[in-house]
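Student: Below you'll find the structure I mean.
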Amino acid sequence: MPRLASMLAALRASHEHLDLEVLDALTRAADALPAVIEEIQSERTAAGAAPVIAGEVVISTCNRLEIYLDTDRFHESVDLVLDAVARTSGLDREVVALCFDAAMDAPVPQHLYEVTSGLRSLVLGEAEIAGQVRQSYEAARREGRTTSMLHDLFQHGFRCAKSVATQAPVGAAGRSGAAVAVDRAEVALGGFAGRRVLIVGTGAYARLGLAELMRRGAPDVRVYSPSGRAAGFAARHGVESVEQDGLEAAIREADLVLACSGRGTSLFPELFLGAGSTIVLDLALHSDLHPLVRHLKGITVLGLADLKLDTDAQDDPALATARGLVAENVEAFRVQQEVRRIDPAMAAMRREVFEAADGEIDRLRRDVSGETADQLERAVRRILAKAMHQPAE
């Protein structure tokens, strides 16, 4: 039976209104959030309450934590998700509630499509967010946490992101945040000729950063991993690895340090003593850097919040086009949901009308037979088809 009260809702916490340190705390153990939401809903159901969330998709990145819901009751579902985030993050529930804003219906696809298209990223127009959103959706789909409404919501979002990237590239124009970071470092260093680079980490940002460095011809790149994965990463990518006992020397020799492991503080101030003039790209939400590194003489740290493009893109005609594409997809999603709501009612009406017609035709055939009965049946069905056409439209 269709859920006639179903509505779309979202809870959102992002760099747009929170410090990255707060986001770091909020997203702690966010990968467990779907299971905790289900656990709390089961607890409430066992206590006699009706389920309020039919499906959810959790998006957790270095810049945001957003939960998209197919729900029957808005306020109860918001309360449930806030309880779940409090459990996973370990933060006080009242603090968690202050970090999120909540929305329902039309503002939800508007926001999601802007996010997926890179229009709400720290680096405007960056490409990584679309892939991150898709990964989040696919994880929810595989685990059976999506519904037809959430499916429609995200499919329109992916189409929107593709349209924006091809028809209205803005800001970073579909490049990665790592590419923008390396751009900034290249300008600050006056190019990479004769420069030494140390990458700390072996994850996605390390791979993207290395690719950008290689593309620009950086001649000497080394990699260090706090988790001990440097040797394998270095062998796969044709660079030199650095072990723990060689870290201080590698930092002292480096002109650029790309810190992106995200495993917490592993680069302490004493490692930079005697390093001289060094650019540090601090790209992990859970920073590798001790806070005092920023205050050392000769050390220039560029973090995620420093990577916003310098140019003012608000007057860029491409941005207006991108927003128009977002609006088109929001409207397409709305129309699709209206059709889904009308479909069950139309099916019920058609079923009732044609069942009544079948009864009348059976009665006619008891009184009339042969070709006359066939002609009467065809006439009745033509009249019904014409009568049903306008309501169906």
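The values are calculated or read from the model by the stated rules, or taken from the named source; none is laboratory data. Quick caveat, the model's predicted, so the values are computed rather than measured. As a convention, Cβ positions derive from the backbone with ideal geometry for all residues, glycine included, and neighbour counts pool all protein chains shown. Only protein heavy atoms, including side chains, enter the accessible area calculation; ligands, DNA and RNA are left aside. Shrake-Rupley method; radii C 1.70, N 1.55, O 1.52, S 1.80 Å.
Student: Using beta carbons and a limit of 7 Å, which pairs, at least six apart or on different chains, have the first residue in the range 126-152 and closer than 15 Å to LEU69 by Cβ and among the basic types (Lys, Arg) and the second one open to solvent by less than 30 Å² (accessible area, probe 1.4 Å) and assigned to a helix (DSSP H, G or I)?
Tutor: From the range 126-152, the pairs are ARG145/PRO34.
Student: I'd like the full set of residues that are part of a helix (DSSP H, G or I) and not small (Gly, Ala, Ser), limited to the range 247-273. Steps first, please.
Tutor: Step one: of the range 247-273, the residues part of a helix (DSSP H, G or I) are 247-253, 269-272.
The answer is LEU247, GLU248, ILE251, ARG252, GLU253, PRO269, GLU270, LEU271, PHE272.
Student: Quick one: is VAL115 in a helix (DSSP H, G or I), at pLDDT 90 or above and buried (at least 17 other Cβ atoms within 10 Å of the Cβ)? Even if it seems obvious, please write down each step before you answer.
Tutor: Working: in a helix (DSSP H, G or I): yes; at pLDDT 90 or above: yes; buried (at least 17 other Cβ atoms within 10 Å of the Cβ): yes.
The answer is yes for VAL115.
Student: Also, I was wondering about something else. Is there any pair linking a residue in the range 249-267 that is over 16 Å from SER287 (Cβ atoms) and in contact (Cβ under 8 Å) with a residue 40 or more places away in the chain to one that is basic (Lys, Arg) and assigned to a strand (DSSP E or B), with Cβ under 7 Å and at least six apart or on different chains, and which?
Tutor: Correct list of pairs: ALA250/ARG222; GLU253/ARG196; ALA254/ARG196; ASP255/ARG196.
Student: Of all residues in the range 1-29, count the ones that are in contact with a Lys or Arg (Cβ under 8 Å, 6 or more places away or on another chain), surrounded by fewer than 18 Cβ atoms within 10 Å (Cβ to Cβ) and within 14 Å of ALA84 (Cβ to Cβ).
Tutor: 0
Student: To continue, here is another question. Report whether or not SER89 is among the polar types (S, T, N, Q), over 18 Å from ALA140 (Cα atoms) and open to solvent by less than 20 Å² (accessible area, probe 1.4 Å).
Tutor: On the way: among the polar types (S, T, N, Q): yes; over 18 Å from ALA140 (Cα atoms): yes; open to solvent by less than 20 Å² (accessible area, probe 1.4 Å): yes.
For SER89, the condition - among the polar types (S, T, N, Q), over 18 Å from ALA140 (Cα atoms) and open to solvent by less than 20 Å² (accessible area, probe 1.4 Å) - is met.
Student: Does ALA322 count as open to solvent by less than 80 Å² (accessible area, probe 1.4 Å), of a type outside the set (Ser, Thr, Tyr), modelled with pLDDT of 90 or more and in a helix (DSSP H, G or I)? Show your work before the answer.
Tutor: On the way: open to solvent by less than 80 Å² (accessible area, probe 1.4 Å): yes; of a type outside the set (Ser, Thr, Tyr): yes; modelled with pLDDT of 90 or more: no; in a helix (DSSP H, G or I): yes.
Considered against the rule, which asks whether it is open to solvent by less than 80 Å² (accessible area, probe 1.4 Å), of a type outside the set (Ser, Thr, Tyr), modelled with pLDDT of 90 or more and in a helix (DSSP H, G or I), ALA322 comes out as no.
Student: Filter the range 256-267 down to residues that are open to solvent by 10 Å² or more (accessible area, probe 1.4 Å) and at pLDDT 90 or above, then give me how many there are.
Tutor: 0
Student: Residue check: is VAL78 buried (at least 18 other Cβ atoms within 10 Å of the Cβ), under 21 Å from LEU26 (Cβ atoms) and either in contact (Cβ under 8 Å) with a residue 12 or more places away in the chain or small (Gly, Ala, Ser) (or both)?
Tutor: Details: buried (at least 18 other Cβ atoms within 10 Å of the Cβ): yes; under 21 Å from LEU26 (Cβ atoms): yes; either in contact (Cβ under 8 Å) with a residue 12 or more places away in the chain or small (Gly, Ala, Ser) (or both): yes.
Here the answer is yes, as VAL78 does meet what is asked.
Student: Report, by residue number, each residue of the range 30-45 that is of a type outside the set (D, E, K, R) and either open to solvent by less than 50 Å² (accessible area, probe 1.4 Å) or modelled with pLDDT of 90 or more (or both).
Tutor: ALA30, ALA32, LEU33, PRO34, ALA35, VAL36, ILE37, ILE40, GLN41, SER42
Student: State whether one or more residues within the range 154-176 are closer than 30 Å to GLU338 by Cβ and basic (Lys, Arg). Quick ask: steps written out before the conclusion?
Tutor: First, pick out the residues of the range 154-176 that are closer than 30 Å to GLU338 by Cβ: 154-168.
So of that shortlist, the ones also basic (Lys, Arg) come out as 159, 162.
Checked the range 154-176: at least one residue is closer than 30 Å to GLU338 by Cβ and basic (Lys, Arg).
Student: Can you run down the residue pairs with Cβ atoms below 8 Å, 6 or more apart or on separate chains, where the first is in the range 47-64 and at negative phi and among the aromatic types (Phe, Trp, Tyr) and the partner is assigned to a strand (DSSP E or B) and open to solvent by 20 Å² or more (accessible area, probe 1.4 Å)?
Tutor: none
Student: If you don't mind, another one. Of these, ARG195, ARG216, which one is under 22 Å from LEU304 (Cβ atoms) and basic (Lys, Arg)? Even if it seems obvious, please write down each step before you answer.
Tutor: On the way: ARG195 fails: under 22 Å from LEU304 (Cβ atoms).
Sole residue among the options that is under 22 Å from LEU304 (Cβ atoms) and basic (Lys, Arg): ARG216.
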